[in-house]
Amino acid sequence: MGILRNITSNLRIIRLSLIRNNNTIIMARRLHASRTDGVDKNVWVEFTKLAAEYKVVNLGQGFPDFSPPKFVQDAFCKAVSGGYQMHQYTRAFGHPPLVKNMAKFFSRVVGHEIDPFEDILVTVGAYQALFSTFQALVDEGDEVIIVEPFFDCYQPMVKMAGGTALYVPLRPKADGAILSSGDWVLNPEELESKITPQTKAIVINTPNNPLGKVYKTEELQMIADLCIKHDMLCISDEVYEWLTYDGSKHVKIASLPGMWERTITIGSGGKTFSATGWKVGWAIGAGHIIKHMKTIHQNTVYHCATAAQEAVAQGFEREYEVFGTPESYFKQLPAMLYHKRNKLAECLRSVGLQPIMPEGGYFMIADISSVKVDLSGESTTELYDFRFVKWLIKEKGLATIPVSAFYSPEHSKEFDKYVRFCFVKEDSTIDAAGEILKKWSEGQ
Ligand code: PMP
Ligand code: GLN
């Protein structure tokens, strides 16, 4: 009993820390929980602030600088100007019209009958779908494999759930010129070598942010085979699912044989309908998995804004009717972005930058190692791309995002010579960025 008391009191002391108060060092209870340690830096917080401060041409953060399609805007306006219900709570796990319309829509896409009330969880953006996934499915001591480059929040979310993240990078193919995101591939042996009995899940993102890679069926099949062989879950972030170019086809890993039962597919109404501020997202998967995510959700945010869910519900209803026709927004948006992608690539090439052509998504990365700039004014403790992007914001008024932010600390140094440009922007914004690059290359 005495020994136990000693251990308990020692543990309490560890939770105390030294703080300075009027120049006197005192012992105080540490106010924060250790799960926030080491995850306090956030690339979006840092660079959104900097971009606002310098009033830049913004090809940084991934949001459209144009309006959502009229049919969802009208649906939102109708919702907020309708009856009182649209301003009140709705069903915790998703507004009924939304989950019904999504089930109808996605059953056709996945090739599996989706139950609106069992297999879907509507969340506050894809962010909260990811958070609920990791909280509900990852235990202390579990390992999660993340394919790099990855959307930065996966790593802190795994950590906050008590898990350990392991990383496997997509690498440029060893032979030939690297011109397209399709030239970046996974090494199946390297991936399998990371799997241990503790591995709970693998996280993929297709189309990928920031690279734009759209995984081919064979690549997804290789991942699916490993998931089945090693009894792992697959968390598949597909927020850019409608945005593919040059004949690339988005394939849902959940649609491969044996994968529905073990895949959580994450989506975003913000990306789907160009309305990132509405913060409607979702997770779709087998009811026996989703039910644990519902437990996290009901005890954290409960549900997201009713009117925004209603507007997204109307959006899916309309898209169901026009699916596959030229009227579909899921055809019109990629057609529009295809031109913007090419316009941006042209701008970059005209000043000697070599972009990696994305097969999908909102973003394009380019190698900056040939660009000569004097970065002596920037902090030497930061990676090259962070220093470069800060310099570009401050000196040239152009915002982009450093690509090493999408890598783990162990691999970030290897990939710090790329920056990410966002092209879901008005043509005039891309032209303004092109002007900045042109003047710079002409020495003005
Ligand atoms: N996943 C990826 C790959 C993203 O790029 C983003 C940012 N849009 C998210 C998830 C979060 O999406 P949301 O804005 O719907 O929370
Ligand atoms: N997903 C967006 C991007 O990649 C940004 C998300 C955010 O700002 N937190 O640009």
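The values are calculated or read from the model by the stated rules, or taken from the named source; none is laboratory data. Keep in mind that what you see is a predicted model, and the values were worked out from it rather than measured. Note that each Cβ is placed from the backbone with ideal geometry, even for glycine, and that neighbours are counted across all protein chains shown.
Odds and ends about this structure:
- Exclusive hit being touching a helix residue (DSSP H, G or I) at 6+ places or on another chain (Cβ under 7 Å) and within 30 Å of Val110 (Cβ to Cβ), set Met336, Met357: Met357
- Pick from region 129-147, criterion surrounded by fewer than 23 Cβ atoms within 10 Å (Cβ to Cβ), in contact (Cβ under 8 Å) with a residue 60 or more places away in the chain and of a type outside the set (A, V, I, L, M), ranking: nearest to ligand 2 (Cβ to nearest atom): Gln135
- Condition met for Thr429 (in contact (Cβ under 8 Å) with a residue 60 or more places away in the chain and either within 16 Å of ligand 1 (Cβ to nearest atom) or in contact with a Lys or Arg (Cβ under 6 Å, 6 or more places away or on another chain) (or both)): no
- Applying the criterion of being exposed (fewer than 14 other Cβ atoms within 10 Å of the Cβ) and more than 16 Å from ligand 1 (Cβ to nearest atom) to the residues of region 40-62, the residue that is farthest from Leu392 (Cα to Cα) is Asp40.
- A residue that is hydroxyl-bearing (Ser, Thr, Tyr), over 21 Å from Tyr54 (Cβ atoms) and in a strand (DSSP E or B) cannot be found anywhere in region 393-409.
- Residues in region 149-183 that are part of a helix (DSSP H, G or I), farther than 16 Å from Val403 by Cβ and either away from ligand 1 (no atom under 16 Å from the Cβ) or touching a helix residue (DSSP H, G or I) at 6+ places or on another chain (Cβ under 7 Å) (or both): Met157, Val158, Lys159, Met160, Gly182.
Here's the yes/no breakdown for (1) farther than 22 Å from Lys279 by Cα; (2) at pLDDT below 80; (3) aliphatic (A, V, I, L, M):
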position: Arg5; (1), (2), (3): yes, yes, no
position: Arg30; (1), (2), (3): yes, no, no
position: Thr36; (1), (2), (3): yes, no, no
position: Trp44; (1), (2), (3): no, no, no
position: Thr48; (1), (2), (3): no, no, no
position: Gly60; (1), (2), (3): no, no, no
position: Phe66; (1), (2), (3): no, no, no
position: Val72; (1), (2), (3): no, no, yes
position: Val80; (1), (2), (3): no, no, yes
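- Among the residues of region 110-128, those identified as surrounded by 16 or more Cβ atoms within 10 Å (Cβ to Cβ) and not in a strand (DSSP E or B) are Val110, His112, Ile114, Pro116, Glu118, Asp119, Gly125, Ala126, Tyr127, Gln128.
- Matching option when the condition is small (Gly, Ala, Ser) and closer than 25 Å to Asn208 by Cα, among Ser441, Ser404, Ser376: Ser404
- Any pair with Cβ under 7 angstrom, 6 or more apart, that starts in region 406-420 at a residue that is within 17 Å of Lys390 (Cα to Cα) and ends at one that is assigned to a loop (DSSP other than H, G, I, E, B) and acidic (Asp, Glu): Phe406/Asp152
- The residues of region 45-72 that are free of Cβ contacts under 8 Å to residues at least 60 places away in the same chain and either within 25 Å of Val301 (Cα to Cα) or of a type in the set (S, T, N, Q) (or both), listed by number, are Val45, Thr48.
- The one condition from (1) at pLDDT below 95; (2) buried (at least 21 other Cβ atoms within 10 Å of the Cβ); (3) aliphatic (A, V, I, L, M) that Ala405 does not meet is (1).
- Pairs with Cβ under 9 Å, 6+ apart, first in region 263-277 and hydrophobic (A, V, I, L, M, F, W, C), second within 13 Å of ligand 2 (Cβ to nearest atom) and part of a strand (DSSP E or B): Ile266/Asn205; Ile266/Asp237; Ile266/Gly281
- Among all positions in region 210-217, there is at least one residue which is part of a helix (DSSP H, G or I) and either within 16 Å of ligand 1 (Cβ to nearest atom) or surrounded by fewer than 21 Cβ atoms within 10 Å (Cβ to Cβ) (or both).
- Checking each residue in region 148-162 for being in contact with a Pro (Cβ under 9 Å, 6 or more places away or on another chain) and either closer than 21 Å to Pro188 by Cβ or without any contact (Cβ under 8 Å) to a residue 60 or more places away in the chain (or both) picks out Glu148, Pro149.
- Considered as a group, the residues in region 351-367 that are part of a loop (DSSP other than H, G, I, E, B) and in contact with a Pro (Cβ under 8 Å, 6 or more places away or on another chain) include one that is surrounded by the fewest Cβ atoms within 10 Å (Cβ to Cβ), and that residue is Glu359.
- Where Phe66 falls short, out of the listed (1) under 21 Å from the mean Cα position of the chain (by Cα); (2) over 30 Å from Leu344 (Cα atoms): (2)
- Some residue of region 302-312 being free of Cβ contacts under 8 Å to residues at least 24 places away in the same chain and not in a loop (DSSP other than H, G, I, E, B): no
- Residue that is surrounded by the fewest Cβ atoms within 10 Å (Cβ to Cβ) [pool: residues in region 368-398 that are of a type in the set (Val, Ile, Thr) and closer than 20 Å to Gly352 by Cβ]: Val373
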